[in-house]
1. Report whether or not residue 237 is in contact with a helix residue (DSSP H, G or I) (Cβ under 9 Å, 6 or more places away or on another chain), among the hydrophobic types (A, V, I, L, M, F, W, C), modelled with pLDDT of 95 or more and surrounded by fewer than 22 Cβ atoms within 10 Å (Cβ to Cβ).
2. Looking at segment 240-249, which of its residues are surrounded by fewer than 21 Cβ atoms within 10 Å (Cβ to Cβ) and in a strand (DSSP E or B)?
3. Got a number for residues in segment 250-276 being surrounded by 12 or more Cβ atoms within 10 Å (Cβ to Cβ) and not in a strand (DSSP E or B)?
4. Is it the case that segment 189-204 has a residue that's of a type outside the set (A, V, I, L, M) and on the phi > 0 side of the Ramachandran plot?
5. Before we move on, is residue 52 among the acidic types (Asp, Glu), over 23 Å from residue 253 (Cα atoms) and modelled with pLDDT under 90?
6. Quick one: in segment 277-291, which of the residues that are basic (Lys, Arg) and in contact with an Asp or Glu (Cβ under 9 Å, 6 or more places away or on another chain) is surrounded by the most Cβ atoms within 10 Å (Cβ to Cβ)?
7. Give the residues of segment 178-195 that are modelled with pLDDT of 95 or more and assigned to a loop (DSSP other than H, G, I, E, B), sorted by residue number.
8. Under 8 Å between Cβ atoms, at least 6 apart or on separate chains: pull out the pairs that start in segment 171-197 with a residue that is under 17 Å from residue 207 (Cα atoms) and touching a residue at least 24 places away in the same chain (Cβ under 8 Å) and end on any residue that is of a type in the set (S, T, N, Q) and surrounded by fewer than 18 Cβ atoms within 10 Å (Cβ to Cβ).
Amino acid sequence: MNNQVYNVWKFSIEPFSEVASDVLCALLADVGFDSFQQTEDGVEAYILQSCDMESSQIDAIIREFPFEDTSISYSMAEMENKDWNEEWEKNGFEPICIPGLCVIHDAQHSVKPEPFDILLQPRMAFGSGTHETTSQLTELLLRRNFAGKACLDMGCGTGILAICMALSKADYVAAIDIDEFSVENTRLNASLNGTDGRIKVYHGDAAAISQAAADTPQGKFDLIVANIHRNIIVNDLPAYVQHLSQGGSLIVSGFFTNDISTIRKAFESKGLQLVHEQSKNKWAVMEFRKH
């Protein structure tokens, strides 16, 4: 891969908290930032210079930041021209362990064995398992059995959730992402975990769901998982419902607990029934069923 020029945006959060940092990273990821590094007082966020990020987009995120009495300032600088995917692979990430269930790690770290061993090379894609939404969904999916099921990971990032469904015996898993880095990274990680035979990766947005569904044995998905921003989930809801089988489940995350009522109202208006709800550090997970 050719070297690409990145810009680094340095954000200072006052007062600083890990929850506020996670929220900011999620909002920045929605507008195109690739990766993040927590600092003592905030976050460093990295984005390809070619993405042409405008200060007005950042200002809008800060104005609408959901935490009251939180002040965010920022600065931007061009980074050294080098292969940052290579740098990321050298440094890796600290292993994540859910005792008695799974360990998520890169090739650079030694880990204690768990029933599920998930090897990731995240590169620039979002979703190593450290974020509350990803960790909650990882545990939820690995504790189930999807034998005989066709599943969809919408907004797949690293492909970790698609891998979890494949490890939980799903017959067929589709993974879709609008970001080409994520598509490539999902294919790599599926191969690293021996699940590439059951995971098919597509590049695109919600319009790609039709093609992915057509490739399933029944033309529908038994399970759709979408770990994306609230507005995108609601906007794409008709496509999810159209391609979800009767009795199928739709699991969504990537939003805050104060968004639960908005999500529930939108989903129930489409005939979906809430069957499960959980949260961690203000990040929510909701499961609906189509009857």
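The values are calculated or read from the model by the stated rules, or taken from the named source; none is laboratory data. Keep in mind that what you see is a predicted model, and the values were worked out from it rather than measured. Ideal geometry is used to build each Cβ from the backbone, glycine not excepted, and the neighbour counts take in all protein chains shown.
1. yes
2. Of everything in segment 240-249, those that are surrounded by fewer than 21 Cβ atoms within 10 Å (Cβ to Cβ) and in a strand (DSSP E or B) turn out to be 245, 246, 247.
3. Qualifying residue count, segment 250-276: 10.
4. Yes, the conditions are met somewhere in segment 189-204.
5. Working: among the acidic types (Asp, Glu): yes; over 23 Å from residue 253 (Cα atoms): yes; modelled with pLDDT under 90: yes.
Answer is yes for this residue.
6. Here the residue is 282.
7. 193, 194, 195
8. Once the first residue is under 17 Å from residue 207 (Cα atoms) and touching a residue at least 24 places away in the same chain (Cβ under 8 Å) and sits in segment 171-197, no partner that is of a type in the set (S, T, N, Q) and surrounded by fewer than 18 Cβ atoms within 10 Å (Cβ to Cβ) comes close enough.
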